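Written below as structure tokens is the structure these notes are about.
The values are calculated or read from the model by the stated rules, or taken from the named source; none is laboratory data. This is a predicted model, so every value here is computed, not measured. Positions of Cβ are generated from backbone atoms using ideal geometry, with glycine treated the same way; all protein chains shown enter the neighbour counts.
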């Protein structure tokens, strides 16, 4: 049982430092579960900073095509510019 604590601590440290993968489901959860537009904008911006670099061009296009529906009034030029930069760098 003592071995369980170090394993949990290591998994938390790894989870905090590991690069997040691009999951369109996670993007949808963040977008659709946050009612306040300002908070939704901040959470999506954070998601793009953390997970966006691991997205493929295809995933970024899917995000772009659904951005207006997913973000509503939280959709800003800054988010669209960030998506454009991510698309340019994506494989």
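Modelled with pLDDT under 95, touching a helix residue (DSSP H, G or I) at 6+ places or on another chain (Cβ under 7 Å) and surrounded by 10 or more Cβ atoms within 10 Å (Cβ to Cβ): does that describe residue 43?
no
May I ask you to verify whether residue 15 is at pLDDT below 95 and either surrounded by 12 or more Cβ atoms within 10 Å (Cβ to Cβ) or in a helix (DSSP H, G or I) (or both)?
Judged against the criteria, residue 15 is a match.
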